Every structure is written in structure tokens, then in C-alpha cells.
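Asker: Here it is: the structure, laid out below.
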Amino acid sequence: MKKVVLILLLLSLNIVIVYANTKEKVTLVKCVDGDTAVFKIKNEDVRIRFLAIDTPETVHPTKEVEAYGKNASEYSCSKLTNAKKIELEYDDNSTKTDKYGRTLAWVWVDNSLLQQELIEIGYAQVKYIYGKYSYLDTLYEKEEIAKEKELGVWADYTPVTYIVTFKNEDIETTVKVNENETVESYIPTKVGYKFRGWYYNDKEFNFDTKITSNITLTAKYEKSLSNIEIIIIIIVIIVLYKLNPKKFKKEINKQLNKKGK
């Protein structure tokens, strides 16, 4: 029975850890479009880009108004304007801002996730995913249902193709990937170095992430020890042990205890 209680406790702790993002109450200053609004946060007007979704354009400086753009804008603005409570949730697995300096957040309106509502009615797509965000599984599930029902933007949809660029030192390799599909990894080599992984925005890229924009992944390495360096280290260890075995063992145990703490 104790084991069962312990397992349940650990599971509950895991749930808390996954969704332990920072939340704060805010007030609406003005609507911008379907996926952007300005909120008052600590007496400052902050432009918020709704995390993980994209609605059709209505105010883009170089694009015409897109189909369902006004619908999405009107829906979001109506929800925000009539809300009794608005909360922003900052995802621990996302950057705080996007490349335009807009703050990224989940938007909760009267305890309902606005991103999910927009996805469910076909006014938004899951996009700009660069990590394992908290509510992604639910958003993808709702998006598939909206696609099957051909709601909103899915009524006449042609898949978009994006370019994933693998940058390995001075060599660049490009791969075409359909929207919302994943890209396959490969392991490059560099003499004298060990491959650490592919990185996006200084974070290791998760290859379970669905591609929703053009991205560049950079190979990162760490220096490997040469055979000569390994031999020298072994010789030094042997010499130190021979000179004072007790002190050597004591120091090893000390270091192991440090790692164990």
C-alpha cells in the first residue's frame, strides 16, 4: 500500500512540474488581431503574441486580409472584451519573447484557453513550435478534428512546405518538410570532437517537434580527448596512486560522495 501511495505522489508531482508555468492576471488594453493583443501588466502596456497558434492576417503591413482573419479577430476581441478574468501563462519551455519582441503566452479567458477555442472552430492553426509546450497535445488533437470537419481555414487548405536548414560548421544542408510534419535528424562528424546535438536558438532541438516555419538547426560539438591525452591521464593517475595510495583513495571517495549528493 505504501508503494502505491508513493507512486501516486510521484505522478502528481510530475504533473505539477510539467504545468508549473508562471501565471498572472492582466487587463485588456486593446485588441490587435486574432492572435495578438495588448494587456496591462504591472502598469505597463505589453503586446502579447498568443503562444503556439497563428490566425489569418488582418493587419499585416505587406499582406492583404486573409480568409477568416476578421472572424478570428472578432472572436478573440469579443472573448477578451467580455471576460471577467484574463490570465497569461508563460511556458517554461518557450522563450519569453518572439523575434519581434512580443511577449509569448498562453491566454486564459474565464478559465478557458483561448488558443484551444480558436483551434477548435478552425480560426487558427498550430504554428511556431520550438519546444515541448504544455498544451500542445491537446491543440494538435483539436486541430485534427477541425481538419476532418473542414472548419474555417481547413475548408480549402493546401499543405505548406517549409525549409529546415542543418548548419554544420560551413556546410549547410536543406530539407523540405510539409507543415506539421517532423524532420529526421542525422549525426555529423568532426575530427577530434564529439557531436552534442542540433540546436535551435541555443536550445537542443527536439525532433518530435512538428515543423511550422522555416528554421535553421546548428550542430554543436565538444572536444574529445585524443589517444595521447588519454594515455597521459592514465599515467598520471597511476603515479598518484603509487605515491600515496591512501590519500588517492580518500580523494576518489570524496569526489564520488560529492557527485552522489
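The values are calculated or read from the model by the stated rules, or taken from the named source; none is laboratory data. Bear in mind that the values here come from a model prediction, so they are computed numbers and not experimental data. A quick note on method: Cβ atoms are made from the backbone with ideal geometry, for glycine too, and the neighbour counts reach across all protein chains shown. Heavy atoms of the whole protein, side chains included, go into the accessibility calculation; ligands, DNA and RNA do not. Shrake-Rupley method; radii C 1.70, N 1.55, O 1.52, S 1.80 Å.
Asker: For Lys40, what accessible area in Å² do you get when you roll a 1.4 Å probe over the heavy atoms of the protein chains, rounding to the nearest 10?
Answerer: 80 Å²
Asker: I've got another one for you. About its Cα centre, how strong a charge dipole does the chain have in debye, to the nearest 20, once Lys and Arg get +1 and Asp and Glu get -1 at the Cβ? It would help to have the intermediate numbers written out before the result.
Answerer: Working: 40 positive and 37 negative charges, 508 e Å.
Here the size comes out at about 2440 debye.
Asker: Oh, and also: Excluding Trp108 itself, what net charge comes from residues whose Cβ is under 14 Å from its Cβ, given Lys and Arg +1 and Asp and Glu -1?
Answerer: -1
Asker: Please give, to one decimal in nm, the separation of the simple spin-label points placed at Glu148 and Glu251, each 7 Å out from Cα toward the Cβ.
Answerer: Here the modelled spin labels are 6.5 nm apart.
Asker: Related question: Would you pull out the residues with amide H under 5 Å of Tyr199's amide H, same chain only if 5 or more places away, H placed 1.01 Å from N?
Answerer: So Tyr199 has HN proximity to Phe205, Thr218, Ala219, Lys220.
Asker: How many angstrom lie between the Cα centre of segment 67-113 and the Cα centre of segment 195-254?
Answerer: Each part's Cα centre sits 42 Å from the other's.
Asker: Excluding same-chain residues fewer than 8 positions from Lys176, which lysines have a Cα within less than 21 Å of its Cα?
Answerer: Leaving aside lysines fewer than 8 places away in the same chain, those within reach of Lys176 are Lys127, Lys167, Lys210.
Asker: Filter Lys96/Lys149; Lys42/Lys203; Lys63/Lys84 down to the pairs with a C-alpha to C-alpha distance above 32 Å, please.
Answerer: Pairs exceeding 32 Å: Lys96/Lys149; Lys63/Lys84.
Asker: Determine, from the Cβ-Cβ distance of Ile233 and Asp170 and an R0 of 30 Å, the FRET efficiency 1/(1 + (r/R0)^6), rounded to the nearest 0.05.
Answerer: Numbers: r = 32 Å, r/R0 = 1.07.
Taking R0 as 30 Å, the efficiency between Ile233 and Asp170 is 0.40.
Asker: Using the Karplus equation 6.51 cos²θ - 1.76 cosθ + 1.60 (θ = phi - 60°), what ³J(HN,Hα) coupling, rounded to whole Hz, does each residue of segment 177-185 give in order, writing x for Gly and Pro?
Answerer: 9, 5, 3, 6, 10, 9, 10, 7, 8
Asker: Here's another thing I want to ask about it. Specify the angular offset, from 0 to 90 degrees and rounded to the nearest 10, of the alpha carbon long axis of helix 136-148 from the longest principal axis of the alpha carbons in the chain.
Answerer: For helix 136-148, the angle is close to 40 degrees.
Asker: To make sure I understand the rule: partners must be aspartates and glutamates, Cα under 14 Å from the Cα of Lys194, and not fewer than 8 residues away in the same chain. Which ones qualify?
Answerer: Glu169, Glu222
Asker: With every protein chain in place, what's the accessible area of Ile121 (1.4 Å probe, Å², nearest 10)?
Answerer: 60 Å²
Asker: Using a 1.4 angstrom probe on heavy atoms only, work out the carbon and sulfur share of the accessible area of the chain in %.
Answerer: Carbon and sulfur: 54 percent of the exposed surface of the chain.
Asker: Here's another thing I want to ask about it. Under 20 Å from the Cα of Lys247, which lysines turn up, not counting those fewer than eight places away in the same chain?
Answerer: Lys258, Lys259
Asker: I need the shape label for segment 163-261. Rule: rounded when a/c is under 1.5, else prolate if a/b > b/c, else oblate, with a, b, c from the alpha carbon gyration tensor.
Answerer: Here segment 163-261 falls in the prolate category.
Asker: Right, next: According to the square roots a ≥ b ≥ c of the eigenvalues of the Cα gyration tensor, what is the shape class of the chain, taking rounded for a/c under 1.5, prolate for a/b larger than b/c otherwise, and oblate for the remainder?
Answerer: In terms of gyration-tensor shape, prolate.
Asker: Using a 1.4 angstrom probe on the protein heavy atoms only, line up Asp202, Asp137 by accessible area, largest first.
Answerer: Per-residue accessible area, sorted high to low, gives Asp202, Asp137.
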